[in-house]
Each structure stands twice: as structure tokens, then as C-alpha cells.
1. Please find, among 217, 226, the residue that is over 18 Å from the mean Cα position of the chain (by Cα), of a type outside the set (Gly, Ala, Ser) and within 16 Å of the ligand (Cβ to nearest atom).
2. Search the range 231-253 for residues being within 19 Å of the chain's Cα centre (by Cα) and of a type in the set (S, T, N, Q), and hand back the single one that is surrounded by the most Cβ atoms within 10 Å (Cβ to Cβ).
3. Answer yes if at least one residue in the range 211-228 is in contact (Cβ under 8 Å) with a residue 60 or more places away in the chain, within 22 Å of residue 77 (Cβ to Cβ) and among the charged types (D, E, K, R), and no otherwise.
4. Would you be able to say whether some residue in the range 29-41 is within 16 Å of the ligand (Cβ to nearest atom) and either at pLDDT below 65 or under 29 Å from the mean Cα position of the chain (by Cα) (or both)?
5. Which one is farthest from residue 278 (Cα to Cα), of the residues in the range 325-344 that are of a type in the set (Gly, Ala, Ser) and buried (at least 17 other Cβ atoms within 10 Å of the Cβ)?
6. Suppose we keep only residues that are touching a residue at least 40 places away in the same chain (Cβ under 8 Å), more than 25 Å from residue 80 (Cβ to Cβ) and more than 21 Å from the chain's Cα centre (by Cα) within the range 305-341. Which one would you say is farthest from the ligand (Cβ to nearest atom)?
7. So which pairs qualify, if the first residue must be in the range 157-174 and assigned to a loop (DSSP other than H, G, I, E, B), the second must be among the acidic types (Asp, Glu), the Cβ gap must be under 9 Å, and the two must be at least 6 apart or on different chains?
8. Quick one: in the range 72-102, of everything that is among the hydrophobic types (A, V, I, L, M, F, W, C), farther than 23 Å from residue 317 by Cα and not in a loop (DSSP other than H, G, I, E, B), which residue is nearest to the ligand (Cβ to nearest atom)?
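The values are calculated or read from the model by the stated rules, or taken from the named source; none is laboratory data. The model shown is predicted, which means the values in this text are computed figures rather than measured ones. Please note: Cβ atoms are built from the backbone with ideal geometry, for glycine as well, and neighbour counts cover all protein chains shown.
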Amino acid sequence: MNGRGRRRRLLSASALIASAALAVLAVAVQADASSAANRADRRGAVILGTAFRITVAQSSRRYREQLLSHGYRSLTPEYELQMDGVERMQGIFDFVQADRAVAFAHAHGMAIRGHPLVWGKQLPAWLAHPSTRWTRATLLPVMEQWIRTMVAHYAGTVAEWDVVNEPLNQNGSLRQNLWEQVIGPDYIRIALNTAHAVDPGAVLYINDYSTEWLDAKSNALFALAKKLLSEGVPLGGIGFQVHSDTRSPVRAAQLEANMKRFGALGLRTDVTEMDVNTSGLRASERVKLRTQARIFAAAAAACRASPTCWSFTTWGFTDRYSWLGPAAQPLPFAANYKAKPAWAAITRALARKSGP
Ligand code: XIL
């Protein structure tokens, strides 16, 4: 082959490569355009998660083994990232326990949900003490420094944060916590913007309870989310805590309808803290367990059916360690770590194919 022929071949080969590259690009652009509409859509299976306590994981081999043997892919430190633990003294950050919790999850290949940054509870005494007179000018830098320090410390390690926790009252009005009272309603916007500026890659959530219903509270949350997004605030997800019980159990259809409307805004819609308190049900143990399993399954099914529900997290996994105390028996494993019917119900509901 002479030089010209080789060159022509080379040219046509490179033209081929170029057109192939263009085709790939076109597909990518197309995919990008469609994913722009559904950018919050989950890829793959729902991630199963649980809250956990690092002190127990370190001291109890049984707890640790159980925590690691059920296929959890995401862990939420139950209290280790709270402000009252990390910033016990103003401006001095103690990351020892928090780092242990995060390192534990990563050592075992699990993601971490960062929980929570701005909440009216679990505040350090120096901050919450009634004699401390805060003004917007003095409190705003405290909030911003706290958020910046936490998000920067875990940038690249913690990919999602409950930036604002429990901002609403049952009637949909803004909860009068310290941040709201002193800084004003825009503490929510400022908190989200501050976190985003430090780690633009993190998915930022508003997380609240009793938002599974179609009522004043979820309507107000929806209006809030819509407003924030219209102002360009980097809200990425809604955390539905779903602390449920046997008296007024979560309804799958209402939770799914909520996930659908928030999802349509381009937000993720995760279940972040589910448990099912059974102490209000006067029935045999068998009936209690079955009722609880059905309630867990309803929420898991709503999540599975919602493309924007990325993860399903229970607030602990064993009744041995629940914030609700021993009578509630709210989790999928008994105090002796034996799987309850709820466990099979959750895994079955999450695995089920969605659609017809
Ligand atoms: C509970 C936890 O279980 C405690 O360990 C924590 O320190 C405080 O309260 N909504 C939330 C969680 O967002 O942080 C709460 O967790 C339960 C209600």
C-alpha cells in the first residue's frame, strides 16, 4: 500500500472513530437530557440501610456481626454526628466518635448518611442555654461554621447530609426552633447553600417525620421544597423518617403519592428512619409481629415503586437498641437478634419488581 492509500485508510478509520465518538456523544447527550428530567431517578436496587451505634459496634461482637451480616449498604450514625457530641465547646470540634463511626462504615464498604446538621434538638449546652442571648448576627456565624466544618471534614466521604432536620410543625408552619427563632425562616436556605458551597457533590436533604401523609404537613413541605428550588437552593432530597406505629400506620398509597410529587421536582425521596412501635397494640405476639411486618412492607413497597427512592433505612435494626425503649419492639430484629417477620417482609417488598 502506498503512502496515500494508507493515509486515506487512516483518514477513513479516524472518520469512523470520529463518527462513532459522535454517536456515543449523541447518546450521552440524549441520556443527559432525559436524566435531566429525571436526575433524581435511582440506578439499580433500593439501598437498604440502618442507623447504628459505634460504641455498641465496638463493644459487642454479636451486634457487630449481626450489623454486618444482613446486606446493609448504608449506615446512619444514630447520634455520633450530632452537634452536642461534636461541638461540646464552642468552636472546638471533637471528631473522635464521629470519625470512628464513619471509618467503620467505610471499612465495610458501606455508605454513610450524614445526620443531622441543623436541628432544634441535641444542641450543646453553650448554644441552647436560655441565658445565652443570641442574635441573628451572632448565631448565623455559629451555624455556618458548624456546617462548614462538618461538611468539609467529611467531604468525599459522606455523600449525603440531612442538612435541615424536622423544620415543620404538624400544621405545616415552621417549627420554632432556636435557628428559626433567632436567624429567621431563611436559616433553611442559608444552611443548604452553606453545605453546598463546601461540598457541591453531596446530596442535601430536608428530613422530617409524619410527612408520609397527604396533609397539611407534607403540603407545606412540598411548598417549601418548590420555593427553595425556584430560588436555586441546592436541595437534593427529602428524607421521610416514617416513625410509624400500629395505631395509625403508614399508608403505602399516600407515601408513594408524596414520593411521586417530590420526585417530580427532581428530588430524591428516601425513607430515612423507619421503625414501627408496637406497644399500642393489645394483641398476641404473633398478631403484633404480623401487623408490624405489614406496616414495614407498605413503606418498603412505596419506596420500591418510586424511582426517586434511593434508600430505605430503619432507625436501628435490633430491638435491643432502639431510641423508643424495650416496650416498643419497633425494629426488624428482636432483642436477641432473631429475625422478625418484618425482616422478610422488608426484603421481599424491596426486591419485588415494580410495574405490572
Ligand atoms: C434519636 C436517636 O435515636 C438518639 O440517639 C439521638 O441522639 C436523638 O434522637 N428524629 C431524628 C433522630 O431525626 O435523630 C432521632 O433520633 C429520632 C427522631
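1. Details: 226 fails: within 16 Å of the ligand (Cβ to nearest atom).
Exactly one of 217, 226 is over 18 Å from the mean Cα position of the chain (by Cα), of a type outside the set (Gly, Ala, Ser) and within 16 Å of the ligand (Cβ to nearest atom), namely 217.
2. Among those residues, the one meeting the criterion is 244.
3. no
4. Of all residues in the range 29-41, those within 16 Å of the ligand (Cβ to nearest atom) come to none.
Checked the range 29-41: no residue is within 16 Å of the ligand (Cβ to nearest atom) and either at pLDDT below 65 or under 29 Å from the mean Cα position of the chain (by Cα) (or both).
5. Narrowing the range 325-344 to residues of a type in the set (Gly, Ala, Ser): 325, 327-328, 334-335, 339, 342, 344.
When the remaining residues are screened for being buried (at least 17 other Cβ atoms within 10 Å of the Cβ), the result is 328, 342.
On the way: 328: 5, 342: 12 Å.
Taking the candidates together, the pick is 342.
6. Within the range 305-341, the match that is farthest from the ligand (Cβ to nearest atom) is 341.
7. From residues that are assigned to a loop (DSSP other than H, G, I, E, B), the pairs are 158/199; 159/199; 166/208; 167/180; 167/208; 170/215; 172/215.
8. By that ranking, first place goes to 83.
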